[in-house]
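Remarks on the structure that follows.
Bear in mind that the values in this text are calculations on the coordinates, not laboratory data. Source: prediction; values computed, not measured. A quick note on method: Cβ atoms are made from the backbone with ideal geometry, for glycine too, and the neighbour counts reach across all protein chains shown.
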Amino acid sequence: MAIQTVGVIGAGQMGNGIAHVMALAGYDVILNDISQEALDAAVARIEKNMGRQVGGGKISEDDMTSALARIRATRTLSDVGQADLVIESATERESIKQAIFEDLLPHVKPETILTSNTSSISITRLASRTDRPEKFMGFHFMNPVPVMQLVELIRGIATDEPTFTACKEVVDRLGKTAVSSEDFPAFIVNRILIPMINEAVYTLYEGVGSVQSIDQSLKLGANHPMGPLELADFIGLDTCLAIMNVLHDGLADTKYRPCPLLTKYVEAGWLGRKAQRGFYDYRGETPVPTR
């Protein structure tokens, strides 16, 4: 099936990035969210980020104008039913994702491919709650979507080959690189990355190093572009904790137990950059460690 229209459910950090790259690649985009405020903010963010690309000579003014015209924002979920490919990018909670697909199913075409941008939840389990597990798969973008080159494609146990091929062709058209992952908790990137972040939090929790020394050590000692605690703040501490819980529950291995300090920060609402406080305090001119 030729994919021409892409529905993106969720206009947050990931959703607006997905809409951005899809529209630039020539797809018609239906961007959905329950919040009008979130939709307005997403469209403004897309326009701002495309403006930066124009300023950097990566795209032309015409590219930007054409892409923005391809994005239609709507609060009505049934509008997404017109899409050939749906990418769900809502909150990383399985119950929310299942409810979205349940509400969407009566409105989609028989040939529509359903996907989730989940960073850790079982694709097989999500697919089993729909009427088309063979046309369901994981479509996991990295953050920030317009910058990061990788997309993880995750087959559920029932995903058929035409569905995988169609999604792979979309990734190719975006100019990104697809890697195929099996459907195990957190897939490839987060299976490796998030436990590293969790171990950095344990290193802080146990007093082995300060926030600053831990981040500086990994940046200068392992050549990482961001320190693990800085990266955790960027990702969102609630997302890091959710993925650690998926790993711990799904693999039943104590090495994946979330650090109590990570849990405490999330309970405090110190979720990182989006909350202005996490392992760093972002309310001043420069970020300051909070421990």
Extension gain, Glu37 back to Ser128 (0.36 nm per residue minus Cα-Cα distance, nm): 29.5 nm
Integer Hz, Karplus 6.51/-1.76/1.60 couplings in order for region 132-138, x for Gly and Pro: 8, x, 6, 10, 10, 7, x
Region 189-289, Cα convex hull volume normalised per residue, Å³: 96
Estimated vicinal HN-Hα couplings, Hz - region 27-33 in sequence order (Karplus 6.51, -1.76, 1.60; Gly, Pro = x): 7, 6, 10, 10, 9, 10, 7
19 Å cut-off, amide nitrogen to a point 7 angstrom out along Glu169 Cα→Cβ, residues in region 83-99: 83-87
Amide H contacts of Asp281 (H built 1.01 Å from N, under 5 Å, at least 5 apart or other chain): Val288, Thr290
Other-chain or far-sequence residues with amide H under 5 Å of Thr118's (modelled H): Phe139
Gap separating the Cα centres of region 241-257 and region 189-240, nearest whole Å: 17
Cα-projected label distance for Arg93 with Thr65, points at 7 Å along beta-carbon direction, nm: 4.3
Stretchable slack from Ala222 to Val179, in nm (0.36 nm times residue separation minus alpha-carbon distance): 13.1 nm
DSSP beta bridge pairing in region 5-181, given as percent antiparallel to the nearest 5: 15
Gyration tensor (Cα) of region 1-82, equivalent ellipsoid semi-axes in angstrom: 21, 15, 9
Semi-axis lengths (Å, descending) of the ellipsoid that matches the C-alpha gyration tensor of region 5-181: 25, 18, 14
FRET E, pair Asp103, Ala268, Förster distance 25 Å, beta-carbon r, rounded to 0.05: 0.15
Cross-link table Lys48/Lys274; Lys168/Lys274; Lys219/Lys255; Lys219/Lys274; Lys97/Lys168; Lys97/Lys176, entries beyond 27 Å C-alpha to C-alpha: Lys168/Lys274
Trypsin sites (Lys or Arg not before Pro) restricted to region 79-132 and DSSP loop, no more than 13 other C-beta within 10 Å: Arg93
Charge sum, other residues only, whose C-beta stays under 12 Å from Asp33's C-beta, Lys/Arg counted +1 and Asp/Glu -1: -3
